[in-house]
Amino acid sequence: MVEINQEDILELLCRRLASFANTEQEITPETNLITQLAIDSIKLLNLIMELEDNFDISIPLNALTDVVTVYDLANLIYRIKSNSK
Amino acid sequence: MNLLEKLDAAAAARKAQLPTGLSAFGIPIEEIYSPTEARIGERRILLLGTNNYLGLSFAPECREAAHEAIDKEGTGTTGSRMANGNYSGHRALEMEFAEFYQCRSCIVFTTGYQANLGTISGLIGTGDVALIDGDSHASIYDGCILSGADIIRFRHNDMADLEKRLRRLGDRSKNTLIIVEGIYSMLGDQAPLAEIVNLKNAYSSTLLLDEAHSLGVLGETGQGLAEKTKLSSEVDFITGTFSKSLCGIGGYCVSNHPQLDQLRYVSHPYIFTASPSPATIAATRVALRLLRNGNKLREQLWRNARQLYSHLKMVGYQVGPEPGPVVATILGNPQQALALWNGLLENNIYVNLILPPAAPEGKSLVRCSVNAAHTSEQIEYVCQTFSKLYTSIIQ
């Protein structure tokens, strides 16, 4: 299986989240998912399912309570991915 | 944003006042005339948005039992089942539910919401997994949150997705509670129980089935989806509510697992609340007898459901995947849903309006619920009104 590091995850996330941003908005690790990208609860749940399939992991909903920024989400995915090896 | 400003923001989003001056949410009902009619404002309204599936809300036998219980035992128990609120009626109802489901035991809860909250939070905890259908009712989500278990959703009724998630859990699948519903309240579709049972067995998980909307509706004696599919013995825990087909308020969990009884000692939603009132218990016991012998009511219910579902589909409305007592029309946007809801009310028909985020996947729904007390003339009037509004609102 191809190893994936935290930076790869972050880069992939930034690319994926671009669809939520307006044209001038740049996605950075510090971008706030809710206040800057206006990702509401339904969009977030759908996004999580998509990311679960991309990374072949399960992301518990209760783990999302600490996720605020793109970096937080990437870090969570990395931790789950690492633990599932 | 401070605490109160957050509520102001929510209020601004909700301010969908209708031309009639009535809000779609929490509409004031002034008088109830029957299982199918009520007064809203000055209008006599046809009720097509209740959960009164068998139409038993005015059953004389239930009313008489409730009156008698109030006279004999008072209006409330004023205490928990664990303290002074454990009356003979509560225990008798539990035995009757256990016998109905041919299960070892039953626990009665004060509401259906608490039945899920109490059962789920008692069964799983930190380190365990709740694997739930994405369209699950809020009581299931809240029960999972209360439990502290990891909550993982699978795509609604998607068995490949459920299997994928079970596979990813590895050994943790043995500590996983899969939670599904007999009939889903939003679109009225049923869970593919046979496939779910196969997966549950293959991965050594535990299965909880919520029959809230299917009790009284499915199965030869009205037990629900498990009875209809002849899979009752394969389901570990069944929860349900008194507040729909049984026309009371309360909830239950039945199981053959002897551990069910232990929930009484660990489940906060069971312990830290007053038990159901004597009138509720007495009326529910009679309603359960009527439900078990309610084949004629079920036949009428399904006739009404099929009549409305097939008509709406024929007219061109996007409806749920299969016919059933919950007939949902899926609209393109909240404005269209609001216009349809309002148009129906102007024609003296009350239905439920469900807007994002309450409906799945951001959908906007106008949801009808038919019952056994609706006459075919009433359903026909509803069909004709929907036809008329399709031309003016949807096309």
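The numbers here are math on the coordinates, done by the rules we state, and not lab data. Everything numeric in this text was worked out from a predicted model, so none of it was measured. Here Cβ is always computed from backbone atoms with ideal geometry, including for glycine, and neighbour counts include all displayed protein chains.
Taking each residue in B:218-225, count the Cβ atoms of any other chain within 10 Å of its Cβ, then average. What number comes out?
0
Under the definition of partner shielding as Cβ atoms of other protein chains within 10 Å of a residue Cβ, what is the mean value for peptide B:148-157?
4
Using the Cα centre as the reference, give the magnitude of the dipole from point charges on the C-beta atoms of chain B (Lys, Arg: +1; Asp, Glu: -1; all else neutral), rounded to the nearest 20 debye.
Working: 35 positive and 39 negative charges, 69 e Å.
In total the dipole reaches around 320 debye.
Run the simple label-point estimate for B:Glu377 and A:Ser82 please: 7 Å along Cα→C-beta, distance reported in nm.
Going from the B:Glu377 label point to the A:Ser82 one covers 7.3 nm.
So what J values fall out for region B:247-263 if you push phi through Karplus, 6.51 cos²θ - 1.76 cosθ + 1.60 with θ = phi - 60°, rounded to Hz, Gly and Pro as x?
Karplus values, whole Hz, x for Gly and Pro: 6, x, 8, x, x, 8, 9, 10, 6, 8, 6, x, 5, 3, 4, 5, 4.
In region B:60-292, with Lys and Arg counted as +1 and Asp and Glu as -1 at Cβ, which of these residues, B:Cys253, B:Ser185, B:Thr221, has the Cα nearest the positive end of the dipole, that is, farthest along it?
B:Cys253
I need the phi-derived Karplus couplings for region B:39-47: 6.51 cos²θ - 1.76 cosθ + 1.60, θ = phi - 60°, integer Hz, Gly and Pro marked x.
3J(HN,Hα) across region B:39-47, in whole Hz: 10, 10, x, 9, 9, 8, 10, 7, 7.
Take every Cα pair under 8 Å in chain B that's 6+ residues apart, average their separations, divide by the length, and report that relative contact order as a whole percent.
On the way: 795 pairs, mean separation 85.4, N = 395.
Computed value for chain B: 22 percent relative contact order.
Calculate the mean, over all residues of peptide A:49-62, of how many other protein chain Cβ atoms lie within 10 angstrom of the residue's Cβ. Working shown, then result.
Working: counts 7, 0, 0, 7, 3, 0, 0, 3, 2, 14, 4, 8, 9, 10.
Mean inter-chain Cβ contacts per residue within 10 Å come to 5.
Enumerate the amide H contacts of B:Glu181 below 5 Å, restricted to partners 5 or more residues apart or on another chain; note that Pro and chain-start residues carry no placed amide H.
B:Asp210
So how do B:Glu211, B:Glu377, B:Glu37 line up by other beta-carbon neighbours within 10 Å, fewest first?
B:Glu377, B:Glu37, B:Glu211
To check my understanding: the extent here is largest minus smallest coordinate of the Cα atoms along each principal axis. What are those three numbers for the protein assembly as shown, in Å, largest first?
On the principal axes, the protein assembly as shown reaches 69, 58, 44 Å in Cα extent.
Under 26 Å Cα to Cα from B:Lys174, which lysines show up? Leave out anything in the same chain fewer than 8 places away.
Within the straight-line limit of under 26 Å, B:Lys174 reaches these lysines: A:Lys81, A:Lys85, B:Lys164, B:Lys200, B:Lys230.
Mind listing which GluC sites (Glu not before Pro) in region A:29-78 are in a DSSP loop and have 15 or fewer other Cβ atoms within 10 Å?
A:Glu30
Quick one: what are the phi-derived ³J(HN,Hα) couplings along region B:280-295, Karplus 6.51/-1.76/1.60 with θ = phi - 60°, whole Hz, x for glycine and proline?
Running phi through 6.51 cos²θ - 1.76 cosθ + 1.60 with θ = phi - 60° gives 4, 5, 5, 5, 5, 4, 6, 4, 4, 5, 5, 5, 4, 9, x, 4 Hz.
Scanning chain B for chymotrypsin sites (Phe, Trp or Tyr not before Pro) in DSSP loops with at most 13 other Cβ atoms within 10 Å, what's the longest stretch left with none?
With a cap of 13 other Cβ atoms within 10 Å, the longest stretch comes to B:34-271.
Determine the gain in length on full extension of the stretch B:Gln335-B:Phe25; use 0.36 nm per residue of separation and subtract their C-alpha separation, reporting nm with one decimal.
110.1 nm
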